[in-house]
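The values are calculated or read from the model by the stated rules, or taken from the named source; none is laboratory data. Just so we're clear, the structure is a prediction, and the values are computed from it rather than from any experiment. A quick note on method: Cβ atoms are made from the backbone with ideal geometry, for glycine too, and the neighbour counts reach across all protein chains shown. SASA here: full protein model, heavy atoms, side chains in, ligands and nucleic acids out. Shrake-Rupley method; radii C 1.70, N 1.55, O 1.52, S 1.80 Å.
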Amino acid sequence: MSKYQKNIVVICTFFILLIMPSMASAAPLVPIPNINIGVGAATEPKDVALSLQILLTMTVLTLAPSILIMMTSFTRIIVVLSFLRSALATQQMPPNQVLIGMALFLTFFTMSPYLEQANQNGLQPYLSGTITQEVAMTEAIKPMREFMFKQTRENDLALFVNLSEGSRPNSPEDVPTTTLIPSFIISELKTAFQIGFLIYIPFIVIDMVVASTLMSMGMMMLPPVMISLPFKLLLFILVDGWHLIIFSLIHSFH
């Protein structure tokens, strides 16, 4: 740094130090709120009930992602989309954010009738004060149980009923939700893997043809993936792959 540049830096620093106090004194005072969080002894029964409600609400909010993933169609959709990306061998295309966002919106689309029933039968009557909290939770879980029963295989449900070592249920209403949820999860994973297998078949054929062609031409050092990827994308575009995949996924829940 030259002597001239050093002088400029010193002068600028001097003026900044000179101006800052006047700016601070002229600035309006912004009130900063004082927040106090304390824990005290409950003096009335309603204080205890309010504390338990807050604890229950925080617990539900903590488990909300798990509820969304494990009790809805999200698991099947995201697994199938991940299989599709792996079969195409496009690595990170589409990126994870796009796949998760697509899976979330498709989940909301497929679950909207059941969520609407839960809102009408459970949430709205509870907010209007016509039913209690226990009844609201029971009515809200009924549509979700109906959806899970439709997608759960009998042998998967029988597996967890036997593992629970409880009494044999006589009707779907007798099956506990804690038994239904894991049965539903493994059924969804099995269905997703079956769809993934069907997705892989045409792309494996392309890989085999390309690899055999390159080997017959003596091009051992050229990765077959570089040659097969454009053909996979072309096939996927020609059959309108996104339309076909989404159509099959949505109808698999009916």
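Can you spot a residue in region 172-179 that is within 30 Å of PHE74 (Cα to Cα), touching a Ser or Thr at 6+ places or on another chain (Cβ under 7 Å) and surrounded by 12 or more Cβ atoms within 10 Å (Cβ to Cβ)? Checked region 172-179: at least one residue is within 30 Å of PHE74 (Cα to Cα), touching a Ser or Thr at 6+ places or on another chain (Cβ under 7 Å) and surrounded by 12 or more Cβ atoms within 10 Å (Cβ to Cβ).
Okay, residues lined up against (1) in contact with a Ser or Thr (Cβ under 7 Å, 6 or more places away or on another chain); (2) touching a residue at least 12 places away in the same chain (Cβ under 8 Å):
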| residue | (1), (2) |
| --- | --- |
| LEU106 | no, yes |
| PHE109 | no, yes |
| TYR114 | no, yes |
| ALA118 | no, yes |
| GLN124 | no, no |
| ILE131 | no, no |
| ALA136 | no, yes |
| ARG145 | yes, yes |
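Specify the residue that is farthest from the chain's Cα centre (by Cα); the eligible residues are those in region 90-112 that are part of a loop (DSSP other than H, G, I, E, B) and surrounded by 14 or more Cβ atoms within 10 Å (Cβ to Cβ). For region 90-112, the residue satisfying everything is THR90. Just one of the numbered conditions (1) outside any helix (DSSP H, G or I); (2) at pLDDT below 80; (3) within 30 Å of PHE247 (Cβ to Cβ) is not true of THR72: (2). Please tell me if SER248 is of a type in the set (Ser, Thr, Tyr) and surrounded by 14 or more Cβ atoms within 10 Å (Cβ to Cβ). So SER248 fails the test. Looking at region 138-149 only, could you name the residues that are over 21 Å from ILE77 (Cβ atoms) and either of a type in the set (D, E, K, R) or more than 20 Å from the chain's Cα centre (by Cα) (or both)? THR138, GLU139, ALA140, LYS142, listed by residue number. Evaluate the following for MET137: is it in a helix (DSSP H, G or I), in contact with a helix residue (DSSP H, G or I) (Cβ under 8 Å, 6 or more places away or on another chain), hydrophobic (A, V, I, L, M, F, W, C) and modelled with pLDDT under 80? Criteria met by MET137. Looking across region 197-217, the residues that are surrounded by fewer than 18 Cβ atoms within 10 Å (Cβ to Cβ) and closer than 28 Å to THR152 by Cα come down to PHE197, LEU198, TYR200, ILE201. Would you please name the residue that is least open to solvent (accessible area, probe 1.4 Å), looking only at residues in region 126-137 that are in contact with a Gly (Cβ under 9 Å, 6 or more places away or on another chain) and farther than 24 Å from THR75 by Cα? For region 126-137, the residue satisfying everything is ALA136. If you go through region 158-165 one residue at a time, do you hit one that is polar (S, T, N, Q), closer than 30 Å to GLY241 by Cβ and open to solvent by 50 Å² or more (accessible area, probe 1.4 Å)? No - not one qualifying residue is present in region 158-165.
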